[in-house]
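Trainee: Take a look at the following structure, please.
The values are calculated or read from the model by the stated rules, or taken from the named source; none is laboratory data. Here the structure is a predicted model, which is why all the values come from computation and not from measurement. All Cβ positions, glycine included, derive from the backbone under ideal geometry; neighbour counts span all protein chains shown.
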Amino acid sequence: MNSTPRIGTRGSPLALYQANAVAGLLRTRLGIDSEIVVIKTSGDRLGEAPLSEVGGKRLFVKEIEDALLAGDVDLAVHSSKDMPALLPDGLEIGGVLPREDPRDALVLPAGQHPEQDLESVRQALGRSPRIGTSSVRRIAQLAGFTSVDRFLPIRGNLDTRLRKLDGGDYDALVLAAAGLRRLERGSRITALLPVEVCVPAPGQGIIAVEIRQHDRRASELASAIGDRNAAVVLRAERTVVDRLGGGCQMPIGAFCHLAGDDELAITGIVVSLDGSRAVRARSSGSVQAPEELGRQVADELLAKGADSILTDARRALSSTESHHS
């Protein structure tokens, strides 16, 4: 590693916020200045194409991971929910930052609907709203939220999405609360979706620092700025996805949180793409064994039929991707 660590990141406003957050912690905690290296990914180049049709969120990390493996950068910063459950050989998560709000949020057009409860939002949307989201997890869980939901794909950075909403292209958006808060758009949240209504994506709200295995200095840097609590819950959530064999664009939700000083509680869900079938599992256990807890929840989901739901989802998504290729 050079004397000045190089941080690899995408160039979107949220990605740059995340990279600068890591750089800021390196400076304040360790007195180390770093260099931010912007890397354009396949996901950025593919523009407006729905993620489920072009290969999923892995497209947002591949080139950055390639640069990390090649030694062109020393630390890679990602939204952890964009990272595949299985990392490329030679890479690992060295540390994570404290978790922001993990929930999903409903956002209605500016000025029309101030912050309100979920039932009021449902009524305001009417019978057949156009809801913008490209997440199959969100679509599957929110199917039937109103009488006739119309889910429409949406891509672009946060401000682009909000402009499309305010311009009348959509009646509502579903977005991660964490991104809205980090980019000082928290005032745009109309209603937060409780975990019971929409289980978040594994890792949602957590910024991850990826490093090369056996890179001692990078490991020391990432560990020094890492948050232990966020790291533990992330390990549990990622284990659920790994055990289920799911990818980023699968209808899988997993949310783990500290339920006491030494206890974790986790909720997992697998939903059919049309929302007609859903299996849930909950468990709690020691903070010392997050992977074991994640495996317990995944195994219960599989015992309840998750594998059949995921097989159907893969088949449907593969058919969609083939149709658009």
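Trainee: With VAL233, VAL297, VAL270 as the choices, which residue is buried (at least 23 other Cβ atoms within 10 Å of the Cβ), closer than 20 Å to ILE139 by Cα and in contact with a helix residue (DSSP H, G or I) (Cβ under 9 Å, 6 or more places away or on another chain)?
Mentor: Within the list VAL233, VAL297, VAL270, the selection yields VAL270.
Trainee: Still on this structure: Looking at SER128, SER120, can you tell me which residue is surrounded by fewer than 17 Cβ atoms within 10 Å (Cβ to Cβ), assigned to a loop (DSSP other than H, G, I, E, B) and either among the hydrophobic types (A, V, I, L, M, F, W, C) or not assigned by TED's automatic domain parsing to the domain that holds PHE255 (or both)?
Mentor: SER128
Trainee: Suppose we filter the range 67-98 for residues that are out of contact with any His (no Cβ under 9 Å at 6 or more places or on another chain), assigned to a loop (DSSP other than H, G, I, E, B) and surrounded by fewer than 23 Cβ atoms within 10 Å (Cβ to Cβ); how many remain?
Mentor: Of the residues in the range 67-98, 10 are out of contact with any His (no Cβ under 9 Å at 6 or more places or on another chain), assigned to a loop (DSSP other than H, G, I, E, B) and surrounded by fewer than 23 Cβ atoms within 10 Å (Cβ to Cβ).
Trainee: List the strands (runs of 3 or more DSSP E) that sit entirely inside the range 149-266 and contain at least 2 residues that are within 30 Å of GLY31 (Cα to Cα) and in contact (Cβ under 8 Å) with a residue 12 or more places away in the chain.
Mentor: Counting at least 2 such residues, we get 207-212.
Trainee: Filter the range 12-34 down to the residues that are outside any helix (DSSP H, G or I) and either at pLDDT below 95 or closer than 18 Å to GLY94 by Cα (or both) and list them by number.
Mentor: SER12, ILE32, SER34
Trainee: Would you call ARG150 under 30 Å from ASP261 (Cβ atoms), outside the structural domain of ASP261 (by TED's automatic domain parsing) and surrounded by fewer than 24 Cβ atoms within 10 Å (Cβ to Cβ)?
Mentor: No; evaluated as a whole, the condition is false for this residue.
Trainee: Could you count how many residues in the range 131-144 are closer than 17 Å to ASP166 by Cα, small (Gly, Ala, Ser) and part of a loop (DSSP other than H, G, I, E, B)?
Mentor: 0
Trainee: Okay, next question. ARG127 versus (1) farther than 21 Å from VAL199 by Cα; (2) under 24 Å from the mean Cα position of the chain (by Cα): which is the lone unmet condition?
Mentor: Single failed check for ARG127: (2).
Trainee: Scanning for something more than 15 Å from VAL22 (Cβ to Cβ) and either assigned by TED's automatic domain parsing to the domain that holds VAL232 or modelled with pLDDT of 95 or more (or both), does the range 72-79 turn up at least one residue?
Mentor: yes
Trainee: Could I ask something else about it? Scan the range 310-320 and give yes if some residue there is touching a residue at least 60 places away in the same chain (Cβ under 8 Å), on the phi > 0 side of the Ramachandran plot and buried (at least 16 other Cβ atoms within 10 Å of the Cβ), otherwise no.
Mentor: No, every residue in the range 310-320 fails to be touching a residue at least 60 places away in the same chain (Cβ under 8 Å), on the phi > 0 side of the Ramachandran plot and buried (at least 16 other Cβ atoms within 10 Å of the Cβ).
Trainee: Out of the residues in the range 130-153 that are under 21 Å from VAL195 (Cα atoms) and of a type in the set (S, T, N, Q), which is nearest to the chain's Cα centre (by Cα)?
Mentor: SER135
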